[in-house]
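Data block below; observations after.
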Amino acid sequence: MSLPQKASLTSGSGMWHTQGIRTAEGSDDLVPRLLLTDGPHGLRKQVEGSDPLALDNGIRATCFPPAVTLGSTWNPALVERVGAAIGREARAEQVAVVLGPGVNIKRSLLCGRNFEYLSEDPVLAGRIGAALVRGIQSIGVGASLKHFAANNQETDRLRVSADIDERTLREIYLAAFEHVVTHAAPWTVMCAYNRVNGTYASEHNELLTRILRQEWGFDGLVMSDWGAVDDRVRALTAGLDLEMPPTHTDAAVVDAVLAGTLDEEVVDRAAGRLLALVDRTRAESRHPTSTPVDLDAHHQLARAAAADGAVLLKNDDGLLPLSPTAPQTIALIGPFAAVPRYQGSGSSRVTPTRVDGPLDAIRALVGAAVIVETVPDDGADTDTDTDTDTVALAARADVTVLFLGLPDEAESEGFDRTDIVLPADQLRLLDRVAAVTDRLVVVLANGGVVSVAEWQDRASAVLELWLPGQAGGLAVADLLFGRTNPSGRLTETIPLRLEDSPAYLHFPGAEGTVTYGEGLYVGYRYYDTLDVPVAYPFGHGLSYTTFEHTDLEVHLDRTTALVAVTVTNTGPVAGAEVVQVYVRAHGTVGRPRHVLGGFAKLSLEPGAGERVTIPLDARSFAYWSAREHRWRVEAGEAVIEVGASSRDLRLTTTITVPVDGHPPVLTPLSTVGEALEHPEAGPLLARPGGPIATMLADDTVDPGHHAMLRSVPLSRVAAFDPAIDVERLRALLAPPTEPRIG
Ligand code: BGC
């Protein structure tokens with residue numbers, strides 16, 4: 001292949017295709033073009049010939065619940081089925097790669113794209129993200145894991161530098177990507193728009209090559225986000241294989257090779273990865289798909305996923321579920337009663353195959369004795385007559401279900417929100433309705449968190465749907481009338497106020513930089529560590545039944561802790577519990593109060609119990625050492641907590657974590673205290689009769705003196721221990737290192 005041909009393969013053709021190569025006569029494809037399509041919760045394949053910049057011109061496809069709701073299922077098995085359904089629809093449309101999932105961490109409540117992301121917690125985002133990738137790819141269609149990395153806001157997203165310390169980057173912002181890459185092997189990764197510590201993600205060698213490929217073993221293709229490439233040659237050199245869409249700079253790539261400023265091997269490598277993707281797609285297309293697309297079945301799957309991800313925040317006096325048969329009048333009011341809000345805006349916007357709203361779905365579900373009433377054009381907020389009718393209806397109904405949430409224009413890709421309150425007209429309506437009924441259910445539809453603290457006391461029950469996809473209305477009916485028992489759990493904390501949230505003072509930055517000043521303390525890692533009161537904690541979600549957790553046991557082997565617990569359904573109906581395991585690791589470095597280590601979702605009949613084992617790998621106990629540039633597990637005690645939310649911990653036990661087999665790396669600036677843990681340096685420093693051992697053993701000495709001694713760097717230890725074998729000590733030291741990512 002000629003150099004210009006190879007260069008051409010490293011950029012796209014038009015908005016959605018990779019470039020192909022034809023035979024010399026032009027009659028056949030030597031290299032076929034591949035079709036890449038959004039993603040992530042359904043296909044957005046643009047109608048041929050339509051405006052490539054428009055967002056609402058997709059062919060019809062099943063609009064599954066967006067990531068916010070899929071995450072809230074805490075149900076990787078179900079999410080994998082959703083992924084497979086998306087894969088089937090993609091394959092039927094000759095799509096080679098679906099552009100998703102997005103696993104960026106929900107750092108701020110205000111990120112306009114939080115509805116496309118899974119969680120504030122990297123373990124949960126990683127597990128659900130991996131399930132989506134596995135599902136999509138099980139059909140022979142590639143996934144594109146995005147947006148790598150640290151794309152946690154929309155404000156200034158094409159330029160902003162996310163300034164993040166190395167440990168935070170590893171533990172929070174890279175961890176979900178790492179899990180998906182190492183456990184689900186996505187065919188492609190999409191780099192982010194933003195810069196990370198000053199370098200564009202598209203040009204970030206450390207991210208795109210050293211970490212992604214060399215450390216995590218990624219063997220697929222890295223593509224750019226749409227328009228994320230600032231300098232084509234620098235991007236190729238850093239490890240970006242495919243620029244999308246093209247900026248028509250293939251000639252510049254060729255020129256750079258000819259001028260000797262770009263190694264031809266770099267072009268070979270990128271083109272080779274594109275060819276490998278073509279081969280992968282071809283090989284897969286030779287196998288028949290497992291089943292043809294069944295849009296009705298996909299609609300039912302969308303319904304199940306929406307129901308599984310809905311979170312019952314409160315349910316005073318068991319107001320829910322409502323009876324579908326008992327004679328009663330139910331008022332369905334609010335802006336989303338008839339016309340639901342079910343997905344977000346931007347590149348993920350799917351043109352649904354059909355949409356089921358709550359009103360029709362509820363009418364179809366209830367028996368003849370139930371009168372379902374609504375007010376036409378309800379939600380036309382400025383219309384006082386409508387408002388008066390609505391309030392009168394609520395006053396005479398037995399139960400009122402009020403559908404509130406964020407309007408379409410409030411959240412989208414491309415901009416961030418500035419507050420988390422419901423629109424003023426909705427709060428006004430809620431006030432007036434709550435004044436005339438004490439049997440009020442609020443059903444929420446919103447992609448980003450909305451605050452509930454200022455109004456939730458006025459409602460008996462609050463059901464948070466997030467964005468439930470095209471079958472959301474059916475799911476609401478199932479949930480309100482108890483056909484399905486709610487089992488979604490919060491993937492992000494709902495604080496009392498925006499001002500309480502950890503990134504509040506740092507978001508969204510200014511003048512081209514956003515500093516991740518809260519560090520590791522994202523979401524519950526912050527609220528729980530500082531005991532900040534919240535409206536609802538991470539992991540929270542009620543059920544129509546109750547669960548008991550008993551008999552916690554932890555079995556340790558070398559690299560894994562197996563956490564076993566028995567969960568029993570102690571209530572009247574079948575339901576699903578999400579058992580959550582948190583780890584509070586011992587350490588000499590600052591750590592959040594606890595972190596999610598693992599979880600399991602169990603469906604149980606009334607009275608039934610099941611013993612479940614949740615494995616925790618070494619990572620659950622580790623921290624990223626910015627000094628040693630590696631994960632470290634510190635030996636010592638760790639508390640294992642099991643419960644139903646980060647603040648509803650029912651069982652705890654303490655285990656002893658063994659040393660991780662890697663002695664600390666010592667440098668001349670390591671301290672005596674640190675070196676004492678080292679298998680060779682420790683005995684050298686603390687040799688019997690030596691001044692250090694003598695002083696540390698003397699408990700009549702002021703503890704402050706011990707601390708002072710422990711803080712002495714090894715380079716200066718001879719001043720305190722003149723007889724120390726300096727040569728032997730020096731031989732154990734590595735040279736000091738610089739932070740890696742920057
Ligand atoms: C988004 C990506 C998307 C791409 C193609 C970009 O604006 O950030 O998530 O896949 O467009 O539509």
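The values are calculated or read from the model by the stated rules, or taken from the named source; none is laboratory data. Small disclaimer: the values here were computed from a predicted structure and weren't measured. Neighbour counts are summed over all protein chains in view; Cβ atoms, including those assigned to glycine, are modelled from backbone coordinates with ideal geometry. Quick note on the areas: whole protein, heavy atoms, side chains included, nothing else; ligands and nucleic acids left out. Shrake-Rupley method; radii C 1.70, N 1.55, O 1.52, S 1.80 Å.
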Exercise. Compare the Cα positions of Ser501, Phe148, Gly539 along the charge dipole of the chain (+1 at Cβ of Lys, Arg; -1 at Cβ of Asp, Glu; about the Cα centre) and return the one farthest towards the positive end.
Key: Phe148
Quiz prompt | Calculated P(r) of the range 2-81 - Cα pairs past 23 Å, % | solution = 45 percent
Self-check item: Protection-proxy order for peptides 107-113, 496-502, each taking the mean of Cβ atoms within 10 Å per residue, highest first
Solution: 107-113, 496-502
Quiz item: Under a 5 Å amide H to amide H cut-off, with H placed in plane at 1.01 Å, what residues pair with Trp631 once short-range neighbours are removed?
Solution: Ser625
Practice problem: Within 10 Å, count the other beta carbons around each residue, average over each peptide in 132-144, 588-600, and list them highest first. | Solution: 132-144, 588-600
Self-check item: ³J(HN,Hα) computed for each position of the range 166-175 - Karplus, 6.51 cos²θ - 1.76 cosθ + 1.60, integer Hz, glycine/proline x
Solution: 4, 5, 5, 4, 5, 6, 10, 8, 9, 4
Quiz item: For the range 170-228, what's the radius of gyration and Dmax over Cα atoms, in angstrom?
Solution: 10.9, 30
Exercise. Find how much the distance from Ala618 to Ala510 grows on full extension, using 0.36 nm per residue of separation minus their present alpha carbon separation; answer in nm with one decimal.
Key: 35.1 nm
Quiz prompt | Alpha carbon centroid spacing (whole Å) that separates the range 20-76 from the range 219-286 | solution = 20 Å
Quiz item: Gap in Å between the Cα centre of the range 390-425 and the Cα centre of the range 614-637?
Solution: 44 Å
Quiz item: What dipole magnitude, in Debye to the nearest 20, does the range 531-653 give about its Cα centre under +1 on Lys/Arg Cβ and -1 on Asp/Glu Cβ?
Solution: 540 debye
Exercise. Have a look at the DSSP beta bridges in the range 1-115 and tell me what percent are antiparallel, nearest 5.
Key: 70 percent
Practice problem: Be a star and scan the range 612-641 for residues whose amide nitrogen sits under 17 Å from the point 7 Å along the Cα-to-Cβ vector of Leu562. | Solution: 612-618
Practice problem: Would you please report the Å³ per residue occupied by the convex hull of the alpha carbon atoms in the range 250-326? | Solution: 220 Å³
Quiz item: Once every DSSP H run of n ≥ 4 in the chain is given -39500 (n - 2.57) and the sum is divided by its residues, what mean residue ellipticity at 222 nm do you get, rounded to the nearest 500 deg cm²/dmol?
Solution: -7500 deg cm²/dmol
Self-check item: Size of charge dipole - the range 601-719 - debye, nearest 20, with Cβ of Lys, Arg +1 and Asp, Glu -1, no other charges
Solution: 300 debye
Practice problem: Looking at the chain, send over the antiparallel percent of its DSSP beta bridges, to the nearest 5. | Solution: 60 percent
Quiz item: Using alpha carbons only, what's the Rg to Rh ratio of the range 491-556 with Rh from Kirkwood?
Solution: 1.15
Quiz prompt | Solvent accessible area, Å² - Tyr526, 1.4 Å probe, full protein context | solution = 50 Å²
Quiz item: What number, in nm² with one decimal, is the all-direction average of the projected area of the convex hull of the alpha-carbon atoms of the range 608-729?
Solution: 11.0 nm²
Practice problem: Using the charge dipole of the chain (Lys, Arg: +1 at Cβ; Asp, Glu: -1 at Cβ; taken about the Cα centre), state which of Leu43, Val311, Thr182 has its Cα farthest towards the positive end. | Solution: Thr182
Exercise. Quote the accessible area belonging to Lys314 in square angstrom, nearest 10, computed with a 1.4 Å probe and with ligands, DNA and RNA left uncounted.
Key: 20 Å²
Quiz prompt | Gap separating the Cα centres of the range 656-688 and the range 456-524, nearest whole Å | solution = 44 Å
Exercise. Would you kindly derive the ³J(HN,Hα) couplings of the range 193-199 from the backbone phi angles with the Karplus curve 6.51 cos²θ - 1.76 cosθ + 1.60 (θ = phi - 60°), listing them in order in whole Hz, with x for Gly and Pro?
Key: 6, 6, 8, 10, 6, x, 10
Self-check item: Using a Förster distance of 45 Å, the FRET efficiency for Asp457-Ala92 (Cβ separation, nearest 0.05)
Solution: 0.35
Self-check item: In order through the range 481-487: 3J(HN,Hα) via Karplus (6.51 cos²θ - 1.76 cosθ + 1.60), integer Hz, x for Gly, Pro
Solution: 9, x, 5, 10, 8, x, 8
Quiz item: How many percent of the alpha carbon pairs in the chain exceed a separation of 45 Å?
Solution: 29 percent
Exercise. Once you have a ≥ b ≥ c as the square roots of the Cα gyration tensor eigenvalues for the range 228-277, tell me rounded if a/c is under 1.5, and otherwise prolate or oblate according to whether a/b is larger than b/c.
Key: oblate
Quiz item: From largest to smallest, what semi-axes in whole angstrom does the range 194-343 give when each is the square root of 5 times an eigenvalue of its alpha carbon gyration tensor?
Solution: 51, 22, 15
Quiz item: Dipole of the range 583-719 (Lys/Arg Cβ +1, Asp/Glu Cβ -1, origin at the Cα centre): which of Val657, Phe599, Ala638 lies farthest to the positive side?
Solution: Phe599
Quiz item: Semi-axes of the equivalent ellipsoid of the range 65-211: what are they in whole Å, largest first, if each equals the square root of 5 times a C-alpha gyration tensor eigenvalue?
Solution: 25, 16, 14
Quiz item: Where the convex hull is taken over the Cα atoms of the range 352-489, what is its projected area averaged over directions, in nm²?
Solution: 9.5 nm²
Quiz item: At a probe size of 1.4 Å, how large is the accessible area of Met1, to the nearest 10 Å²?
Solution: 110 Å²
Practice problem: Rank-order 194-200, 298-304, 150-156 by packing density, defined as the average count of other C-beta atoms within 10 Å over each peptide's residues, highest first. | Solution: 150-156, 298-304, 194-200
Quiz prompt | Probe 1.4 Å, protein heavy atoms only - accessible area per residue of the chain in square angstrom | solution = 38 Å²
Quiz item: Using unit Cβ charges (K, R positive; D, E negative) and no other charged atoms, how large, in debye to the nearest 20, is the dipole of the chain about its Cα centre?
Solution: 1320 debye
